1. Using the structure shown, decide if Leu188 is assigned to a loop (DSSP other than H, G, I, E, B), among the aliphatic types (A, V, I, L, M), in contact (Cβ under 8 Å) with a residue 24 or more places away in the chain and under 30 Å from Ala63 (Cβ atoms).
2. Out of curiosity, is Glu237 charged (D, E, K, R), free of Cβ contacts under 8 Å to residues at least 24 places away in the same chain, out of contact with any helix residue (DSSP H, G or I) (no Cβ under 6 Å at 6 or more places or on another chain) and more than 30 Å from Phe170 (Cα to Cα)?
3. Identify the single condition in (1) out of contact with any Lys or Arg (no Cβ under 6 Å at 6 or more places or on another chain); (2) of a type in the set (A, V, I, L, M, F, W, C); (3) surrounded by 13 or more Cβ atoms within 10 Å (Cβ to Cβ) that Ile301 does not satisfy, given that it satisfies every other one.
4. Arg59 - would you say it is crowded, with 16+ Cβ neighbours inside 10 Å, of a type in the set (Lys, Arg) and either in a strand (DSSP E or B) or more than 14 Å from the chain's Cα centre (by Cα) (or both)?
5. What pairs come out if I take residues in the range 287-312 that are without any contact (Cβ under 8 Å) to a residue 60 or more places away in the chain and among the hydroxyl-bearing types (Ser, Thr, Tyr) and pair them with residues that are part of a helix (DSSP H, G or I) and surrounded by 14 or more Cβ atoms within 10 Å (Cβ to Cβ) whose C-beta lies under 8 Å away, six or more apart or interchain?
6. Being among the β-branched types (Val, Ile, Thr), out of contact with any helix residue (DSSP H, G or I) (no Cβ under 6 Å at 6 or more places or on another chain) and either crowded, with 22+ Cβ neighbours inside 10 Å or farther than 21 Å from Ala119 by Cβ (or both) is the filter here, so list the residues in the range 22-56 that pass it.
7. Taking the range 10-21 as the search range and keeping residues that are surrounded by fewer than 21 Cβ atoms within 10 Å (Cβ to Cβ) and not β-branched (Val, Ile, Thr), which one is modelled with the highest pLDDT?
8. When you check Asn94 against the structure, is it within 22 Å of the chain's Cα centre (by Cα), at pLDDT 95 or above and surrounded by 14 or more Cβ atoms within 10 Å (Cβ to Cβ), yes or no?
Amino acid sequence: MQRIFSGIQPSGIPTLGNYLGAIRNWVPLQRDHECLWCVVDLHAITAWQDPAALTQQTREMAAVLLACGIDPDKHILFLQSSVRAHAQLAWIFNCVARLGWLNRMTQFKDKAGKDREAASSGLYVYPNLMAADIHAYHATRVPVGDDQRQHLELANDIAQKFNHDYGVEFFPAIEPLILGPAARVMSLRDGTKKMSKSDPSEQSRINLNDDPDAIALKIRRAKTDPEPLPSEPAGLEGRAEARNLVGIYAALAGTDHAGVLREHGGKGFGAFKEALAALLVEKLSPIAGETRRLLADPATIDRVLRAGAERAAAIADPIVAETERLVGFLRV
């Protein structure tokens, strides 16, 4: 049974895009993998966070993961900052990774924007911490989106260099798992932009705790074009908003664009939006209800996370201790 590691930042209640692109795909992996699911709060502070908000958002993320079907008894759910091995190994990897490698990371360029000098050094070495997150557990598989593939390649480069420099075969290679038919869910207001919590418009996204009325209203207001739905997927070309809504329906219904259009092709968006809203309510209402129940009892969430951190540390601490021995650190 291969070991999976995956992390998600504690940015509060996830959106539909987070769910369809990542969280939903994690649950079936639990059937035949040993899984570690991590709320990566160390990564979160590469940009400044309000402390009270970070605490609340961390619990919210943990609650949603549990509500979506993450099993903390058979697998491990924990907070990154609760397991010191992550930070310890990240420093060693900071000293293994080369500046030239980090300079090629496109995500830093995207996130730092034009004012790179104002970005935190933590954001720059973020990929080294991500490598440590995975290698601290000798995980061999990581479910990621295409935008994280470059970071996994760097994690493998770091492992190979460490193994070469110290004459060992200690850190295994990592295999990316690219999952999910709807890895990119777009904004309901602009089909060319990814659905995001940072968008100032609440109408641009579906949150996993939205009630049925909010979901229906957001879908009714979702941007479309005046043409009816096509009967074939080729007819979605150049119609970003139509493609987005059809893709969301397909992912929720377990079908593809062609299957959705066989049922709804030729119809106007009014009828299709009603069907999509009903499907969203059916799939998301149980998650929203369970999330609310869990958040009403934060002590239970904290107990789950505390137990998960103890189990995670039991795996990571010996691996990092051996890494430190290989490096030559004296332990007295």
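1. Details: assigned to a loop (DSSP other than H, G, I, E, B): yes; among the aliphatic types (A, V, I, L, M): yes; in contact (Cβ under 8 Å) with a residue 24 or more places away in the chain: yes; under 30 Å from Ala63 (Cβ atoms): yes.
Yes.
2. Yes; evaluated as a whole, the condition is true for this residue.
3. (1)
4. yes
5. The qualifying pairs are Thr300/Leu294.
6. Val27, Thr55
7. Ser11
8. Working: within 22 Å of the chain's Cα centre (by Cα): no; at pLDDT 95 or above: yes; surrounded by 14 or more Cβ atoms within 10 Å (Cβ to Cβ): yes.
So Asn94 fails the test.
The values are calculated or read from the model by the stated rules, or taken from the named source; none is laboratory data. Note that this is a predicted model, so its numbers are computed, not measured. Here the Cβ is made from the backbone with ideal geometry for all residues, glycine too, and neighbour counts use every protein chain on show.
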